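Read-outs: derived from the displayed coordinates by stated rules, not from any lab. Keep in mind that what you see is a predicted model, and the values were worked out from it rather than measured. Please note: Cβ atoms are built from the backbone with ideal geometry, for glycine as well, and neighbour counts cover all protein chains shown.
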Amino acid sequence: MKVNPRGILYIISSVAGGGKSTLISLLLQKYPDIHFSISVTSRAVRPGDEPGKNYHFVTREEFEKLIEQDFFLEWALVHDNYYGTSKRYIEKELRKGYKVILDIDVQGFRIIKSKIQAMKSIFILPPSEEVWIERLRNRGTDSPESIERRIKNGRNELTRVNEYDYHIVNDKLADSLLALEIILFGEKKEETPAQNE
Ligand code: 5GP
C-alpha cells in the first residue's frame, strides 16, 4: 500500500456499545500499514483489554503528571476516567505519512479538529436505540451503574453526530467495514480550476 506523503488522522467515535472497537480491530488486521493511536487512560483494566495494545494504563496521578508535562495532543474525562492522545506519537506518524486511526470521544474530536487539518471524522451509529441498549447490556463488561452512565452519555453524544464528516450505521459488520474502507481509500479528487476553452 502506498503511504500518503502527508499522513492523515481518522477520528472514529461512537456511543459505547456501538461496535466501534470490533470494526477498528478488523480494519487493523486487514491493513497492517494503517496505524492505531494507543491512548493513555486511567480507567481500570477490563476483561479483554490488552495493556500496551488497546490502551496504556496508568494511575490518575500518573495521568495528571503527563498533563502537566504537556504530553497530550488532547485529553478528556470520559465516564469519570481520563483518556488522552500522545502528541509526540501523532506528530511522528503524520510526518512519516501514515493513516492513523484515533478511537476517541466527541470532546477529543473537537480538540483535534481545532488543531490538525489533515483529519477526517467518522461516527459509528448503532442501527437503533433498542439494538444499542441491548448490545451494551449484553457486553458483560460493565456494572449496571456504568451501563446506565454510558447510556446517558451516549444520548448526549448522539446529539453531536452532525459535526462529523461521515456516519456509518453499524448494522452488519461486513458492510460497515466496507464503508470504512471506502472512506479511508476513496480519497476525494482535488478540485482543479475550470480550464478556459
Ligand atoms: P472505553 O473505556 O469504553 O474503551 O472508552 C470510553 C470512551 O473513551 C470511548 O468513547 C473512546 O472513544 C474514548 N477514548 C478512548 N481513548 C481516548 C482518547 O485518547 N481521548 C479521548 N478524548 N477519548 C478517548
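Of the listed peptides 29-36, 18-25, what is their order by residue-averaged count of other C-beta atoms within 10 Å, with the highest listed first?
Descending packing order for the listed peptides: 18-25, 29-36.
In debye, nearest 20: dipole of the chain around its Cα centre with unit charges on the Cβ of K, R (+) and D, E (-)?
For this selection, approximately 320 debye.
Using the 2.2 N^0.38 Å rule of thumb for compact globular proteins, work out how segment 36-151 stacks up: its C-alpha Rg over that value, please.
Compared with the compact-globule rule of thumb, segment 36-151 sits at 1.15.
Over 10 Å intervals from 0, what percent of Cα-Cα pairs in the chain sits in each interval?
Taking all Cα pairs of the chain, the binned fractions are 8, 34, 38, 16, 3, 1, 0 percent.
Can you give me the distance in nm between label points at Q69 and L178, each placed 7 Å from the Cα along the Cα-to-Cβ direction?
That separation, rounded to one decimal, is 4.6 nm.
Between Y82 and residues 5 or more places away or on another chain, which pairs have amide H atoms under 5 Å apart, with H built 1.01 Å from N, and which residues are they?
Residues meeting the amide H criterion: S42, R43.
Pairs of alpha-carbon atoms within less than 8 angstrom and 6+ residues apart define the contacts here; what relative contact order does the chain have, in percent?
Taking the mean separation of contacting Cα pairs over the length of the chain, I get 31 percent.
Fully extended, how many nm does the chain gain between R137 and D171 (0.36 nm per residue separation, minus their Cα-Cα distance)?
That works out to 10.5 nm of additional length.
Can you spot the aspartates and glutamates whose alpha carbon is less than 20 Å from K152's alpha carbon? Ignore those fewer than 8 places along the same chain.
D80, D103, D105, E129, E130, E134, D142, E163
Under the rule of -39500 (n - 2.57) per DSSP H run of 4 or more residues, summed and divided by the residues of the chain, what mean residue ellipticity at 222 nm is obtained, to the nearest 500 deg cm²/dmol?
One gets -12000 deg cm²/dmol as the mean residue ellipticity at 222 nm.
May I have the convex hull volume per residue, in Å³, for the Cα set of segment 1-95?
Considering the Cα atoms of segment 1-95, their hull volume per residue is 107 Å³.
With 18 Å as the limit, write out which pairs from K30/K113; K65/K87; K99/K120; K120/K172; K65/K113; K20/K172 have Cα-Cα distances beyond it, or answer none.
K30/K113; K120/K172; K65/K113
Between F185 and R46, what FRET efficiency follows from the Cβ-Cβ distance if R0 is 35 Å, with the result rounded to 0.05?
After rounding to 0.05, the efficiency reads 0.65.
Report the extension gain between Y89 and T159 in nm, rounded to one decimal, defined as 0.36 nm multiplied by the number of residues separating them, less their alpha carbon distance.
Stretched out fully, the Y89 to T159 stretch lengthens by 22.2 nm.
Report the FRET efficiency, 1/(1 + (r/R0)^6), for L77 and E129, where r is their Cβ-Cβ distance and R0 is 22 Å, rounded to 0.05.
0.30
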